[in-house]
Amino acid sequence: MGSLRYDGLVTHFEDRTLAHLQIVIVQKLMRGESFLMSWKDSVNGGDGRTAIWISPDIPMTFKFMGSRVPEINKDWLLVLGKSAESTTGLIVMKEDGTLAAADAEGDKHPGNLRSAK
């Protein structure tokens, strides 16, 4: 399980998913484009949805747990890229087209805004 760190938020995705997201995100940022990215939260993260505005001005880190680069599925890249170009933004999906769940942590994650008991 790899992670994407962006503006105080750390979100965990499977390495294979993260590799595909990295390609799509980097392509957009290299063109200087800002865009929306959203995903389904895991049950541990509240089972809701998270959306973030990605801008070329904010540093981003991709951290992979495995040492090997996963095989890239060009069809999956096309689907992810097409969603990134839409008004709904980049929606994180699995290879089969279903929504991918992610665990997020960090000072800006809505789950961390709850008051302590």
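The values are calculated or read from the model by the stated rules, or taken from the named source; none is laboratory data. Since we're looking at a predicted model, the values are computed, not measured. Don't worry about glycine lacking a Cβ; one is built from the backbone with ideal geometry, like all the others, and counts go over all protein chains shown.
Things to note:
- Cβ-Cβ distances below 9 Å connect the following pairs, each with a first residue in the range 11-24 that is under 17 Å from residue 40 (Cβ atoms), a second residue that is polar (S, T, N, Q) and in a strand (DSSP E or B), and a separation of six or more residues or different chains: 11/3; 11/50; 12/3; 13/3; 18/3.
- Within the range 2-29, the set of residues being surrounded by fewer than 14 Cβ atoms within 10 Å (Cβ to Cβ) and modelled with pLDDT under 95 comprises just one member, 8.
- Any strands (runs of 3 or more DSSP E) falling wholly within the range 18-81 and containing at least 1 residues that are of a type in the set (S, T, N, Q) and within 12 Å of residue 92 (Cα to Cα): 35-41, 49-54
- Qualifying residue in the range 85-107 (condition: assigned to a loop (DSSP other than H, G, I, E, B), under 22 Å from residue 34 (Cβ atoms), at pLDDT 90 or above and among the aliphatic types (A, V, I, L, M)): yes
- Taking first residues from the range 36-50 that are over 26 Å from residue 85 (Cα atoms) and modelled with pLDDT under 90 and partners that are in a loop (DSSP other than H, G, I, E, B) and not aliphatic (A, V, I, L, M), the Cβ contacts under 9 Å between residues at least 6 apart in sequence or on separate chains come to 45/109.
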